[in-house]
Each structure stands twice: as C-alpha cells, then as structure tokens.
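What follows is one structure encoded as structure tokens, with my remarks underneath.
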Amino acid sequence: MTKEPKESSHKEAHERRRSLEETILELCAEVGPHKSIDPIQAARAFAQARGEDELGWRNWLAHVRSASIGLARQGKLVIYRKGKPADPDDFRGVYRLGLPRSD
C-alpha cells in the first residue's frame, strides 16, 4: 500500500478548497462591500465551473459553509445572520456572506 493516493487526494482537496474560497471571494467582490451573497450562489457557481449538473451545487453547500468559516476567521469575509455580523464559530440557520466593510 502506497501513500501516493492519500497525498494526491489531500492535495486535490486542498486545491478544491482554495478554488472554492476564490469563488466565494470573487462573488462577494462582484456585489461589493455593502451587499452580500447567498451561500447557494457560491455553491452553484462552483459546481457550474466544475461542469457539474444543475443539482450538483447541493453537494458543495456544506463545503461553502466550511470555507466561509475559514475565510471569516482570517478576516477576509464576514458571515451575516439577520443582517448583522455573526461569530463564525457560533452561528446557525440562514446566513449570507460579504466582504468586510470599512464603515
């Protein structure tokens, strides 16, 4: 048993996550710092870029949440709940994503 497949799959997973993070940040940049996006938009855009079918985005929604939490911890993204910034380590339910505001 070799370690190559594990390393390869780990590397692929890292690249997918980075690509997903880039997709999220690009979509947020498109709407600007005073608007937000629905995480479903990010999942759909990512699935579409990968050439997946219409419902392929559903498989990426949990990954969008995870990537968004990581980006929020880095200060690159804000997770909004009911229009207010939410703690990335303690939020539930419906949320939106946006760039940090310099108000």
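Bear in mind these aren't lab numbers, they're just calculated from the coordinates by the rules spelled out. Here the structure is a predicted model, which means the values were calculated and not measured. Ideal geometry is used to build each Cβ from the backbone, glycine not excepted, and the neighbour counts take in all protein chains shown.
Give 10, 14 a once-over and let me know the one that is under 15 Å from the mean Cα position of the chain (by Cα), farther than 12 Å from residue 99 by Cβ and surrounded by fewer than 14 Cβ atoms within 10 Å (Cβ to Cβ). After applying the criteria, what remains is 14.
Name the residue that is farthest from residue 64 (Cα to Cα), counting only residues in the range 39-49 that are surrounded by 14 or more Cβ atoms within 10 Å (Cβ to Cβ) and over 10 Å from the mean Cα position of the chain (by Cα). Among those residues, the one meeting the criterion is 48.
Just to be sure I understand, how many residues within the range 22-56 are among the β-branched types (Val, Ile, Thr) and not in a helix (DSSP H, G or I)? First the steps, then the outcome.
Keep residues of the range 22-56 that are among the β-branched types (Val, Ile, Thr), which gives 23-24, 31, 37, 40.
Keeping just the survivors that are not in a helix (DSSP H, G or I) gives 37.
Here the count works out to 1.
Please tell me if residue 64 is part of a loop (DSSP other than H, G, I, E, B), of a type in the set (Val, Ile, Thr) and out of contact with any Cys (no Cβ under 8 Å at 6 or more places or on another chain). Spelling it out, it is not the case that residue 64 is part of a loop (DSSP other than H, G, I, E, B), of a type in the set (Val, Ile, Thr) and out of contact with any Cys (no Cβ under 8 Å at 6 or more places or on another chain).
Name the single residue that is surrounded by the fewest Cβ atoms within 10 Å (Cβ to Cβ) among those in the range 52-87 being hydrophobic (A, V, I, L, M, F, W, C) and over 14 Å from the mean Cα position of the chain (by Cα).
Quick first cut of the range 52-87, residues hydrophobic (A, V, I, L, M, F, W, C) only: 55, 57, 60-62, 64, 67, 69, 71-72, 77-79, 86.
Add one more test, that the residue is over 14 Å from the mean Cα position of the chain (by Cα), and what stays is 55, 86.
Numbers: 55: 9, 86: 17.
Once the filter is applied, the top-ranked residue is 55.
Of all the criteria given as (1) of a type outside the set (Asp, Glu); (2) exposed (fewer than 14 other Cβ atoms within 10 Å of the Cβ); (3) within 20 Å of residue 96 (Cβ to Cβ); (4) over 13 Å from the mean Cα position of the chain (by Cα), the one not satisfied by residue 33 is (2).
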